[in-house]
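We did not get these values from a lab; they are worked out from the coordinates using the rules stated. Predicted model only: the values in this text are computed from it and were never measured. Glycine gets a Cβ as well: all are built from the backbone with ideal geometry, and neighbour counts include every protein chain shown.
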Amino acid sequence: MVLLLDLLTTAAMLFVVTAGLMMIFGVMKIVNFAHGALLTLGGYASYVTTQLKLDPWLSWPLALIAGVMVGMVVEWLIVKPLYKRPLDAILATWGLGIVIGQLIVMGFGREVQFVDSPLSGTWSIAGVDYSAYRLLLVPVAVALCLLLTGLLNGTRFGIRTRAVIMNEALASGLGIHSGWVRFVTFSLGAGLGTLAGTMITPLSSVDPNMGMPWLVSAFMLVMVSGHSMPSLMLTCVVFGACQVLVSTYASPVLGGLTIAVLAAVTLRIRPKGFAHG
Amino acid sequence: MAEARTDRLPVAGQQTAPIRSGRGLLALGIVGLLLIAVGPWVFDTYLLNILIKSFFFAIAAITVDVLWGYTGYLTFGQSAFFGIGAYAAGLVFTHSGFSVSTVLLALGAAVLVTAAVAGLVGWLSFYRGASPFFATVISLVLPIVLTQLLLSGGAWTGSSSGLTGYESFDLSLEAWYWIAGAALVAAGLLAWMVVRSDAGRILAAIRDNESRCSYLGINASLVKIALLVATAVIAGLAGFGYGSFSGVVAPELTGFVLGTELIIWVALGGRGTLWGPLIGAVLINVATAYLSSSMPFAWQLILGVAFVLVIVLLPQGLVPLLLKPLGLGRQASNVPALAERAVSGKPVVSDKPALTMRGVTKRFGSLKVLQGIDLQANAGELLGLIGPNGAGKTTLMRCMSDGADRTSGEVELCGNDIGLLPPDACVRFGLGRKFQNANIFESLTVAECLRIAGTILEKPSLVRCDGILRLPPYALDVVRTTELDRKLNVVARDLSHGEQQALELAMVLALEPRIVLLDEPTAGLTKTERTRIGMVLSSLAHRYGLCCLLVEHDLDFVEEIATRIVVLHQGTIVMEGSFQEVVNSELVKTIYAGSTHTPKETT
């Protein structure tokens, strides 16, 4: 039972962490290498909330707003000029990640910090006591998945976004401002990144490199899953399960590498990705 | 593709550039050699130490430049190979002591392990249809996985503190300085010779247009894997030198942070120049050593900001910009002389038809684009393939040239079943395909494009530039007819649309194909050029005995040169015959008038 809950909550965490990356990759076809730094930024949003003795729940909106604002500036200054040079764009976002990391080090120091969790204690499920906050992440991830799917499929913005994904030239020709769609997507994706950072901090600690361990797994999950949020969810469940199983029965170190290695091999054997079956 | 760079000199500037830049480079090289020769008497011990390490790092930076600046493969993973080399020294000397045999053992391990890992990473990263992002992400995974493995290695790898205090070569600091300097010079010269050689141009061709490479019979994935293995071994040897010199190896040497630093040095130094990254790596290392103690965080921040600024604003890097006043520009290549290559004297005497298609079908989901295609064409035939837009003409050509494309059916080229083979294998069976839109290497010159087209016939040299460009007579005809021979040194991107079309045609013919697929070869050409190209095409079939397949909308043009017409409509062949038969048939008239549904009275 604990194993099952571990599986579910790990998949939920992976999905939360990956959703923002997916949003940007799906529309803009670039991998946002600054995603790790955004996660870290979200962690420090929690830290600031804790330091100011505010309600820990406030860290969620705070992180989202901070991330969206950073995303807007970054899209405008760095991503837009490089849209025709995608490999340079990922390099620039990577460089930006380094800059954000250094700024955080200068502002908050290298020390490991701890934050207040908005929800502490355990819940009892089928006779097992399990961390309430971890359990909370499962409905959060499902809600996020539904929300983003709804946004992409049910709204006018979503239709325009999908038009840009399918055929940017045609979409522009039909009067859709593709630059605007990219701007909104990138900002939103960045906001989701910082939000994810905030969400995962109560389960670990905050330090300037906290985003890194997640980054590679998130990259690989996005590469494998294709372009839709539900398929990303499915990928997170499958690969998250593998990670938990390897961590439990082999060693945690190998568990940390499971997703990257499995995904690389999956893509090599099935280049179109996992979700395309 | 990502390197849509704007740092090419304008055409006019190339006439004067070679002499000046040659001199500038020479002067720079002499200054560098002098510094390496007299260093021990000029620099203090601390600086010598820094320089020796930075020389080893600079070798790794050069390998990154070859992979990224020239081939377009952005990699964070060269640090892993550097680290493997360093750990080979550290592990062997710690656990087996230091002697001649263990040195050989460590060197062998450095070479073999880096080569094996690079081969594996290459296999994972480079395959048909792999996106460049994917290869980059894999290159980031490699150092992270390796660092984790080293961290979990316990006492054997020294875990997070690494290995230290092992016995190593007993050499003076001066000797190390000269050895490291000589190794750097050797690595730089080797890389310089290779990227400037004829074979080195293939790397740029892969960066520009991988699909065209494949249709010239070049297995781009294999080339990249081989290149990765070679550069990995060099980076590994540099790491071996570093590990032997410093007497300390730590997991950071394999990490992605070092991998990122290598990229930063290359980007700031100027990618695709070799000497830029070399200077960049050495200068930044020295600066870091002096500045990181006085302003530890600010210096990293400055580097990061400078890196982002350079990527966005100055993709060609800083060092070339600083040295521009010295007359150091990108070098123009020499113009080779054109020569005729005798067509390899094996006229196809086989009784097999050049092209056979049996029951070929192509579906996209439930949409049937082609069905039940049976087609045969012999050497010496010039088939005109006509049909209204959307009839499936281009799809049909794709099914002939890429084994993975058709849904069912059989295709044989010169008697070889293509199975599921990729385009480069089809090209080796004797196929040549000219695309509808000019598909060339945009950043290479006309001469370089033509040279690369002959790669599978004449193995290009790894170290030299051939002064003579040999082409088969019919390719030469195309080049002369369209006056491309006067523009051999022009970068293909700057050609007119018609000239690009002609260049692609010449490249396809330079393959000496047995079967030529031509998708609207004369689109964008003037009337006179059309007539001349028409003559070349008919001579291909009639004089040289090639089998040509031509998609063309201009019926007058088809009438002049085609020996047989095939009419394609809604994915099936509805008629075959001479031009007169086809043009006078009621069926074809209705098809082109567009008033009929699928004709029932098909042959």
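Compare A:Asn209, A:Asn167, A:Asn32 in a GNM of chain A, Cα atoms joined below 10 Å, and give the one with the largest fluctuation.
The residue with the greatest mean-square fluctuation here is A:Asn167.
For n ≥ 4 DSSP H runs only, could you compute -39500 (n - 2.57) per run for chain B, divide by its residues and tell me the 222 nm figure to the nearest 500?
-17500 deg cm²/dmol
Out of the stretch A:64-135, which trypsin sites (Lys or Arg not before Pro) are coil in DSSP terms and have no more than 14 other C-beta atoms within 10 Å?
Passing sites in the stretch A:64-135 are A:Lys84, A:Arg110.
How much length is gained on full extension from B:Val343 to B:Ala523, taking 0.36 nm per residue of separation minus their Cα-Cα distance?
Result: 62.0 nm gained on full extension.
So between B:Ser461 and B:Ala289, what do we pick up on full extension, going 0.36 nm a residue minus the alpha carbon distance?
Here the segment from B:Ser461 to B:Ala289 would lengthen by 57.8 nm.
Once each part is reduced to its C-alpha centroid, what is the distance from the stretch B:534-561 to the stretch B:375-441 in angstrom?
Spelled out, the Cα-based centre of one part sits 16 Å from the other.
Please compute the contact order of the stretch B:335-481 in relative form: average sequence separation of alpha-carbon pairs under 8 Å and at least six residues apart, divided by the residue count, as a percent.
This gives 30 percent for the stretch B:335-481.
Report the longest stretch of chain B that contains none of the GluC sites (Glu not before Pro) sitting in a DSSP loop with at most 14 other Cβ atoms within 10 Å.
My reading of the result: B:168-457 is the longest stretch.
For chain A, max minus min Cα coordinate along each principal axis, in Å, sorted largest first?
59, 45, 32
Find how many whole Å separate the alpha carbon centroid of the stretch A:113-157 from the alpha carbon centroid of the stretch B:230-270.
Comparing the Cα centres of the stretch B:230-270 and the stretch A:113-157, I get a distance of 42 Å.
If contacts are Cα pairs under 8 angstrom and at least 6 residues apart, what is the relative contact order of chain A in percent?
Result for chain A is 35 percent.
When chain A is treated as a GNM, springs tying every alpha-carbon pair under 10 Å, which of A:Met166, A:Met220, A:Met233 comes out with the largest mean-square fluctuation?
A:Met166
Mean-square fluctuation check for chain A, GNM, Cα pairs under 10 Å: which of A:Gly193, A:Gly43, A:Gly173 is largest?
Fluctuation is largest for A:Gly173.
Classify the stretch B:208-327 from the C-alpha gyration tensor, please: rounded if a/c falls under 1.5, else prolate or oblate depending on whether a/b exceeds b/c.
Oblate shape, in that a/c is at least 1.5 and b/c is the bigger or equal ratio.
Under the definition of Cα pairs under 8 Å and six or more residues apart, what whole-number percent is the relative contact order of chain B?
17 percent
When all C-alpha to C-alpha distances in the protein assembly as shown are sorted into bins of 10 Å, what percent of pairs does each bin hold, rounded to whole numbers?
2, 11, 19, 21, 20, 15, 8, 3, 1, 0
Per-residue Cβ counts within 10 Å, from other chains only, averaged over A:209-218: what number is that?
Average per residue, whole number: 2.
Distance in nm between label sites at B:His497 and A:Ala132, each 7 Å beyond Cα in the beta-carbon direction?
About 6.9 nm separates the two model spin labels.
What pairs from B:Lys434/B:Lys527; A:Lys29/B:Lys393; B:Lys393/B:Lys527; A:Lys29/A:Lys80; A:Lys29/A:Lys84 go past 22 Å between their alpha carbons?
Correct reply: A:Lys29/B:Lys393; B:Lys393/B:Lys527.
Only sites in a loop by DSSP and with at most 16 other Cβ atoms within 10 Å count here; which chymotrypsin sites (Phe, Trp or Tyr not before Pro) in the stretch B:158-242 make the cut?
B:Phe169
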